[in-house]
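The values are calculated or read from the model by the stated rules, or taken from the named source; none is laboratory data. All figures in this text were calculated on a predicted structure; none of them were measured in a lab. Cβ placement follows ideal geometry from the backbone for every residue including glycine, while neighbour counts extend to all protein chains displayed. Surface accessibility is based on the protein's heavy atoms, side chains included, excluding ligands, DNA and RNA. Shrake-Rupley method; radii C 1.70, N 1.55, O 1.52, S 1.80 Å.
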Amino acid sequence: MKSLTLLSVPIATFMLSGCSLLMGQPTMSQSVVVMNEQSMAIDEMTAQMQPEPELEEMQQTKPDYVPMNHFVKLDNYVEQMAIELSDLLSETQNMSTELAVASFVRLDGTLQTSDQLGNQLAETFMHQLHRFGYQVVDTKLMDNGHISRMGDYVFSRKSKAKFSSDDAEYVLSGTMLYREKGVLVNARVMSLESKKVIATSSKMIPWYVLRSENILVSSR
């Protein structure tokens, strides 16, 4: 009986301590479960704060806006710029001012690179300013015409002496800057004698306008 009594005491003590552990403190498995729930909640909040990779990729690769049908041409942009230049010129100059038009060039380190767009801008500006009544001088006109079996020619782009204020008082030209949405055209009228800028205008010509007219440009 004494031995049984002695054995029952530690067993009861062990059972009481086990109950206190279960009721008072979480077991190891319970603590792991709690930590997992907290980490899952943190991961869920972090995922909500970060943008979805698919959406971010779609935003980066979103194509430029191109209207289904449009009737806008390069002439419309040049006409708007010519009106702005004419308004500024009328404040200081009269319609008898002799004005030459040069090719537009790329805004690079040399300012000596042009393309079909640069030459087309010059041709269109020449037409618009002549419509407004300005005395436009064509510097490509040769002193003597050239006749051949293929045709009669009066224009030439061969290298020759620079034209100066003796040919025209002012010159209109500008730069082209290729952007993601289109070509930024900066036009200005300058005095050949004093080099002063008399009038300026700037317009962004969208790529879809240039593509619709099959206007070739140099590589961006």
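Annotations for the structure displayed:
- Value in Å of the Kirkwood radius, where the stretch 88-220 supplies the Cα pairs that are averaged: 16.2
- Label-point gap, in nm, between residue 88 and residue 150 - each point 7 angstrom along Cα→Cβ: 4.0
- Fully extending the segment from residue 214 to residue 76, taken as 0.36 nm per residue of separation minus the present Cα-Cα distance, adds 48.1 nm.
- Amide H partners (placed H, <5 Å) of residue 73, local residues excluded: none
- Dipole moment magnitude, nearest 20 debye, the stretch 99-190 about Cα centre, only Lys, Arg, Asp, Glu C-beta charged: 220
- Entries in 73/140; 140/195; 158/195; 73/195 that, when Cα-Cα distance is taken, lie over 29 Å: 73/195
- Accessible area per residue for the stretch 116-220 is 63 Å², calculated with a 1.4 Å probe on protein heavy atoms, without ligands, DNA or RNA.
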